[in-house]
Amino acid sequence: VMVVLAFILSFVFGLFMGVAGESDSGLIQAMAGFVGMIVYLVMLLIQFLYYGHFWSKNGQSPGKKLMGVKVVQTDGGSMSFLKAGLRGTLGYLISGLIFGLGFIWAIFDADNETWHDKIFGTRVVRA
């Protein structure tokens, strides 16, 4: 869901940036940069609310539900809305920073935990 939304927003914004890039006006180019910053912040907010809602509710976003897994705290309990939202935004950002190494880490980790699992004290289990 989040990937589709990001793709649509990126496509629309990319068209806008293409038009702005052809302009000789510094004002239009500055406005394009400002709009880009706003789009990025809105996407972060949507991502925070999306993961915060689903993971604090039952540990499953629609994708995790489809895969038959859920996110829980290491003690097996549910996450708070704040923790779930931060894990899905800040945690994913950190795990993806260096060529997605934080996500790949789970393959080699003894507990199959990603970087964002380690940071936020969570794990993914079968639902």
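Restricting attention to the chain, the count of lysine pairs at 8 or more positions apart or across chains with alpha carbons under 18 Å apart stands at 7. Taking the charge dipole of the chain about its Cα centre, with +1 at Lys and Arg Cβ atoms and -1 at Asp and Glu Cβ atoms, the residue from Phe7, Gly21, Ser61 reaching farthest to the positive side is Ser61. Note on Glu22: accessible area approximately 150 square angstrom, rounded to 10, probe 1.4 Å, nucleic acids and ligands left out.
Cα centroid separation, the range 99-123 to the range 52-69: 18 Å.
Could you work out [θ]222 nm for the chain from helices alone, using -39500 (n - 2.57) per DSSP H run of at least four and dividing by all its residues? Round to the nearest 500 deg cm²/dmol. Walk me through the numbers before you get to the answer.
Working: 7 runs with 83 residues, N = 127.
Computed mean residue ellipticity for the chain: -20000 deg cm²/dmol.
For the chain, with every protein chain kept in place, what is the accessible area per residue (1.4 Å probe, Å²)? Per-residue accessible area for the chain comes out at 64 Å².
Roll a 1.4 angstrom probe over the protein heavy atoms and tell me the percent of accessible area of the chain that is carbon or sulfur.
Values: 5850 of 8090 Å².
For the chain, the apolar C and S fraction of the accessible surface comes to 72 percent.
The values are calculated or read from the model by the stated rules, or taken from the named source; none is laboratory data. Note that the structure is predicted; figures quoted are calculated from it, not measured. Cβ sites come from the backbone with ideal geometry, for glycine too, and all protein chains shown count toward neighbours. Side chains included, ligands, DNA and RNA excluded: accessible areas come from the protein's heavy atoms. Shrake-Rupley method; radii C 1.70, N 1.55, O 1.52, S 1.80 Å.
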